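Remarks on the structure that follows.
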Amino acid sequence: METFKIEVDADGIALITFDVPGKSMNTLTLQAMKDLAEIGPRLKDDAAIKGAVFTSGKTTGFCAGADLNDVMGALAKTDAKAGFELVNGLSNALRAIETCGKPVAAALNGLALGGGFELALACHYRVAADDNKIQVGLPEGKIGLIPGAGGTQRVPRMIGVMAAAPLLLEGKTLRPQEALGMGLLNAVVPADQVLENAKTWVKTGGAVQPWDKKDFKIPGGGPYHPQGAQMFMVGSAMLRKSTYGNYPAQINILKAVYEGLQLPMEAALRIESRYFVKTLATPQAKAMIRTLFVSMQELGKGAARPAGIAPWEAKKVSVLGAGMMGAGIAYVQAMAGIDTVLVDVTQEAADKGKGHVEDLVKKQASRGRMTPEKAEKVLGAVHPTSDYHHVKGSDLVVEAVFENRELKAKVTALAEAELSADGVFGSNTSTLPITGLAEASVRPANFIGIHFFSPVDKMGLVEIIKGAKTSDETIARAIDYVLKIKKTPIVVNDSRGFYTSRCFMTFLQEGVQMLADGYAPALIDNVGRMTGMPRGPLEMTDDVAVDLAYKIADQTAKDLGDAYVRGPLDDVLKALVVGHERFGRKNGKGFYDYPENGSKTLWPGLAEIAPVKIASSTPELVAEMKMRLLYRQAVEAARCMEEGVVTDPRDADVGAILGWGFAPWTGGPISLIDTVGAAAFAAECDRLAKTYGPRFAPTQQLRDMAAKGETFYGKAAKSKAA
Ligand code: NAI
């Protein structure tokens with residue numbers, strides 16, 4: 001066997017070491033799946049073997065799950081029947097281990113996710129190292145898949161349907177202590193005792209899973225039990241409420257659990273395999289896997305990095321402005337071991353920024369995710385100051401002062417005076433074009449946009465913006481920096497609102513436009529959520545700030561002059577901001593009222609600004625509103641592709657989902673267009689443009705693609721190959 005090594009000791013315990021050659025982390029490759037199929041029969045037939053312990057040959061962990069590139073590649077080439085055989089083959093291999101008649105334990109020295117955890121679940125005993133950095137669980141649901149190696153069957157049989165639901169549906173992962181508490185692990189012990197603990201158990205352990213015993217009952221009741229049946233009714237209603245039926249994976253997980261729990265294990269596993277293949281065949285799963293797994297991984301390895309430029313490491317980085325963004329940036333830098341100078345106008349303001357870093361560190365430490373040593377190191381890496389001389393020796397400066405062109409020009413000059421000749425200057429501006437800001441720089445080739453998202457410690461995306469004079473070397477360095485702080489970089493060209501803000505604003509605008517059109521505000525926000533966006537457009541406008549939306553619309557009108565058509569949207573925003581000082585959540589007044597204690601309610605005064613003409617909905621009306629909200633963003637993304645603001649569909653899709661929460665089930669706006677097809681999408685946009693206005697007009701590029709039957713991803717692959 002290539003991926004598993006079996007050594008039998010004097011006690012007859014087979015130590016089965018999982019160790020995929022040439023990889024730093026184990027994944028279930030096709031070869032590993034083949035090898036696993038040999039293990040069950042061997043354990044059963046080899047009389048010298050009394051029991052077995054699975055362990056990993058990697059220090060990085062036990063197994064990160066199925067090797068999606070490998071397995072998906074194989075599945076993409078097969079039909080549903082062959083796909084079923086492949087997936088069910090793995091389930092059968094694990095079932096053979098489970099029923100080999102000898103006790104089998106899993107000794108988890110590190111993370112065990114997806115198929116890796118499912119292998120452990122098929123063992124009769126699981127012990128993990130007591131380390132809060134370790135995660136175990138079944139994250140498949142997060143990328144549009146369903147657990148396909150017994151997870152949907154063994155987890156509910158072990159801990160009940162209720163407790164299993166969030167693990168399966170949301171892909172929630174657990175720390176060892178949590179998993180122990182839930183009953184998914186049998187023991188958690190210090191790392192150096194894991195193997196011994198497993199071996200000791202095997203000497204006296206039982207070799208029959210609870211569900212293979214005669215009197216087995218599903219904890220909390222199965223689907224046929226009155227209480228269990230009720231759980232499924234409530235569960236499917238809750239699922240509907242949180243996903244609006246957009247995600248086939250979640251629906252299929254629930255079905256696999258419901259149907260599978262009424263059957264013996266072998267049949268249940270076949271049910272699961274069928275739903276796995278069925279889920280995989282949906283456009284949603286394909287798009288989600290591509291964007292949230294393949295593309296993200298590629299971008300995370302620096303796919304957008306210009307070739308031929310030596311790797312670069314930012315060791316010392318100064319952050320200008322210790323406000324909300326600057327403090328967050330300082331935190332992620334310090335976490336990555338970067339020596340960080342945090343500059344603000346006064347020492348007090350800089351200290352306040354460091355205080356924010358301290359709060360974040362404390363939170364991590366209190367949850368056991370950071371050792372006291374690491375906490376001390378992180379805090380020690382942040383040096384608050386009001387003296388620009390401390391910028392000296394920095395490899396990079398990240399500017400995050402107020403959004404004001406003159407102020408940004410001033411601090412650029414102050415910092416560049418201290419920066420080494422080849423130092424990079426990055427601006428975290430959210431709206432000001434980089435080329436214009438670079439005019440204040442003596443080294444515009446080293447000037448670049450490094451756009452973070454709020455809150456910085458949580459948001460995984462960084463939008464890197466090229467100015468007209470930005471050099472390839474600077475782009476490569478900005479990417480190296482973003483990867484070092486463990487974020488996903490996308491690279492875009494300079495444009496109003498760059499890529500993410502520009503497209504995101506269209507979602508908000510379309511919502512406000514609907515309000516001006518006379519749709520009831522509650523209907524607008526409900527439909528907004530039904531599209532798969534995290535919140536409705538009006539509530540999101542409140543979160544972003546209504547006055548900011550107003551200012552952006554106003555600035556756009558000024559910049560575009562006659563080309564900008566003022567409409568009811570502008571009137572609504574003006575009435576809110578100028579007429580009623582309703583700036584959004586930040587001053588407790590926007591489209592909604594925000595009482596100090598209690599949840600938000602729609603502002604009754606809205607009815608006067610935008611009288612409601614359409615209050616009740618039909619499925620057709622909802623479908624049309626959904627299309628407006630999603631297609632408006634997608635056609636803007638298509639414009640960004642045509643204009644070269646984004647050039648790679650991967651940047652566009654990953655940026656959309658990570659940056660502004662674009663409906664994940666679509667795989668992103670460009671995937672949405674590819675799935676619908678350029679011809680159908682363009683035709684629909686033509687219709688929408690005729691009904692609602694030219695903002696929906698499709699691009700020439702879309703028409704050309706429609707004529708040639710091309711897709712964005714197909715074109716990108718072709719140009720890469722050329
Ligand atoms: P903020 O108002 O929280 O912080 C700005 C900080 O800059 C303040 O602490 C201020 O004292 C400091 N400052 C002013 N003049 C300075 C000087 N001469 N030298 C050093 N520091 C100085 O603002 P926030 O929200 O952190 O935004 C900062 C930048 O990041 C802006 O350009 C903004 O557009 C951008 N941005 C903001 C996002 C957000 O969600 N708030 C998202 C992405 C970018």
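The values are calculated or read from the model by the stated rules, or taken from the named source; none is laboratory data. Given the structure is predicted, the values throughout are model-derived calculations rather than measurements. Glycine also receives a Cβ, built like all others from the backbone with ideal geometry; neighbour counts cover every protein chain displayed. We work out accessible area using only protein heavy atoms, side chains counted, and drop any ligands, DNA or RNA first. Shrake-Rupley method; radii C 1.70, N 1.55, O 1.52, S 1.80 Å.
Overview of values
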{"read-out": "Dipole in debye (nearest 20) - the range 226-337, about Cα centre, beta carbon charges: Lys, Arg +1; Asp, Glu -1", "value": "240 debye"}
{"read-out": "More than 41 Å apart - percent of Cα-Cα pairs taken over the chain", "value": "38 percent"}
{"read-out": "Amide proton proximity set for Ser427, modelled H, under 5 Å, gap of 5+", "value": "Glu399, Ile448, Gly449, Ile450"}
{"read-out": "Cβ-placed point charges (K, R +1; D, E -1), dipole of the chain about Cα centre in debye, nearest 20", "value": "1240 debye"}
{"read-out": "Listed residues Ile134, Leu342, Ser616: farthest to the positive end of the dipole of the chain (Cβ charges)", "value": "Ser616"}
{"read-out": "Å² per residue, accessible surface of the range 505-626 at 1.4 Å", "value": "47 Å²"}
{"read-out": "Long-range amide H partners of Arg126 with built H, under 5 Å", "value": "Ala106, Asn186, Ala187"}
{"read-out": "By average C-beta atoms within 10 angstrom, highest first, the peptides 74-84, 113-123, 163-173", "value": "113-123, 163-173, 74-84"}
{"read-out": "Karplus-derived HN-Hα couplings along the range 44-53 (A = 6.51, B = -1.76, C = 1.60, θ = phi - 60°), whole Hz, x at Gly and Pro", "value": "5, 8, 7, 5, 6, 8, 9, x, 9, 10"}
{"read-out": "Relative contact order computed over the chain (Cα-Cα under 8 Å; 6+ residues apart), in percent", "value": "9 percent"}
{"read-out": "Long-range amide H partners of Tyr519 with built H, under 5 Å", "value": "Lys613, Ile614"}
{"read-out": "Distance violations [Cα-Cα > 21 Å] among Lys102/Lys199; Lys362/Lys589; Lys315/Lys487; Lys315/Lys374", "value": "Lys362/Lys589"}
{"read-out": "For Gly368, net neighbour charge (Lys/Arg +1, Asp/Glu -1) across residues whose Cβ lies under 13 Å away", "value": "+4"}
{"read-out": "Listed pairs Lys142/Lys466; Lys255/Lys458; Lys301/Lys352; Lys77/Lys715 exceeding 27 Å between Cα atoms", "value": "Lys142/Lys466; Lys255/Lys458; Lys301/Lys352"}
{"read-out": "Residue-averaged 222 nm ellipticity for the chain, from DSSP H runs of 4+ at -39500 (n - 2.57), nearest 500", "value": "-15000 deg cm²/dmol"}
{"read-out": "Residue-normalised accessible area of the range 149-299, expressed per residue, 1.4 Å probe, Å²", "value": "46 Å²"}
{"read-out": "Mean Cβ neighbour count within 10 Å, used as a protection proxy, ranking 211-223, 543-555 highest first", "value": "543-555, 211-223"}
{"read-out": "Karplus 3J(HN,Hα) series, Hz, for the range 525-535 with 6.51 cos²θ - 1.76 cosθ + 1.60 (x for Gly, Pro)", "value": "5, 5, 5, x, 5, 5, 6, x, 6, x, 9"}
{"read-out": "Within the accessible area of the chain (1.4 Å probe), percent carbon and sulfur", "value": "56 percent"}
{"read-out": "Å² per residue, accessible surface of the range 316-496 at 1.4 Å", "value": "41 Å²"}
